[in-house]
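What follows is a set of notes on a single structure, which appears directly below.
The values are calculated or read from the model by the stated rules, or taken from the named source; none is laboratory data. Bear in mind the structure is a predicted one, so any value in this text is a computation, not a measurement. No Cβ is skipped: glycine too gets one built from the backbone with ideal geometry, and neighbour counts run over all protein chains shown. Areas reflect the complete protein model, heavy atoms only, side chains present, ligands, DNA and RNA absent. Shrake-Rupley method; radii C 1.70, N 1.55, O 1.52, S 1.80 Å.
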Amino acid sequence: MHIIKKREENTHILGNMEAGQDLLIAGTVAQTGTHSAVPYYMEKLKMYFTDSFIQESSVVRTMIPITDPIWEQAGAKGLLEVGEGGIFAALWEASSVFHKGFFVELQQIPIRQGTIELCEVMGLNPYRLESGECVLLSTNNGYDTIRFLGEKGIQAAWVGKIEKGMRCRILNDGAEGFLERPKEDELHRIICPKTDSI
């Protein structure tokens with residue numbers, strides 16, 4: 001599988017995505033960003049959750065690098081490591097790099113319930129939070145790929161399909177919208193807040 005693009009000297013996109021392929025996510029989104037954001041909101045979070053819930057819900061689980069042979073063995077054709085900007089930024093980048101569109105069912109994107117609850121209290125959009133612990137991939141047979149990865153201890157979920165053209169459609173509870181150009185990672189609002197010049 002050939003290298004398409006590198007991020008900070010590390011391979012982060014491999015292969016190719018073609019129309020008709022299933023689109024999967026391995027891992028769960030927003031864990032890295034949630035973990036980084038929690039210390040800034042700890043006092044507020046403790047008003048709603050126990051320490052153990054906060055800790056468990058913000059644990060980051062590592063993911064196998066996309067250069068590992070296991071992905072090709074699983075039938076992956078195109079791979080992209082999700083990073084800064086979250087899954088929405090990764091989807092936009094995949095469309096731009098591979099010159100393909102897609103439809104994604106928002107409710108199928110794998111995200112832990114604890115992450116959703118923490119982000120709600122922190123006022124952060126989990127789909128725009130750094131997600132260094134998951135991989136976006138395409139495959140000709142999503143079911144077989146999900147089953148193979150599951151046998152290797154890697155959680156994966158079907159989230160949509162690659163399509164011709166460049167439309168990036170997001171389906172949410174029956175309503176259709178279109179993915180907007182990525183905004184800055186939600187963490188930037190916390191760590192590097194904009195201030196008015198004096």
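Some values worked out for this structure:
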| item | result |
| --- | --- |
| Every residue from the stretch 90-108 that is over 16 Å from Glu180 (Cβ atoms) and open to solvent by less than 40 Å² (accessible area, probe 1.4 Å) | Val97, Phe98 |
| Residues that are in a strand (DSSP E or B), open to solvent by less than 70 Å² (accessible area, probe 1.4 Å) and in contact with a Gly (Cβ under 6 Å, 6 or more places away or on another chain), drawn from the stretch 150-167 | Glu163 |
| Identity of the residue in the stretch 120-142, outside any loop (DSSP other than H, G, I, E, B) and without any contact (Cβ under 8 Å) to a residue 60 or more places away in the chain, that ends up surrounded by the fewest Cβ atoms within 10 Å (Cβ to Cβ) | Glu120 |
| Matching residues, the stretch 111-141, being among the hydroxyl-bearing types (Ser, Thr, Tyr) and more than 15 Å from the chain's Cα centre (by Cα) | Thr139 |
| Every residue from the stretch 39-61 that is over 17 Å from Leu129 (Cα atoms) and aromatic (Phe, Trp, Tyr) | Tyr48, Phe49, Phe53 |
| Filter pass, Gly114 being among the small types (Gly, Ala, Ser), touching a residue at least 12 places away in the same chain (Cβ under 8 Å) and either in a loop (DSSP other than H, G, I, E, B) or in contact with a Cys (Cβ under 9 Å, 6 or more places away or on another chain) (or both) | no |
| Subset of the stretch 163-176 [modelled with pLDDT of 95 or more and more than 10 Å from Val104 (Cβ to Cβ)] | Glu163 |
| Residue tally, condition open to solvent by 10 Å² or more (accessible area, probe 1.4 Å) and not in a loop (DSSP other than H, G, I, E, B), over the stretch 58-80 | 5 |
| Which listed residue is of a type in the set (Lys, Arg) and surrounded by 11 or more Cβ atoms within 10 Å (Cβ to Cβ), from Arg181, Arg147 | Arg147 |
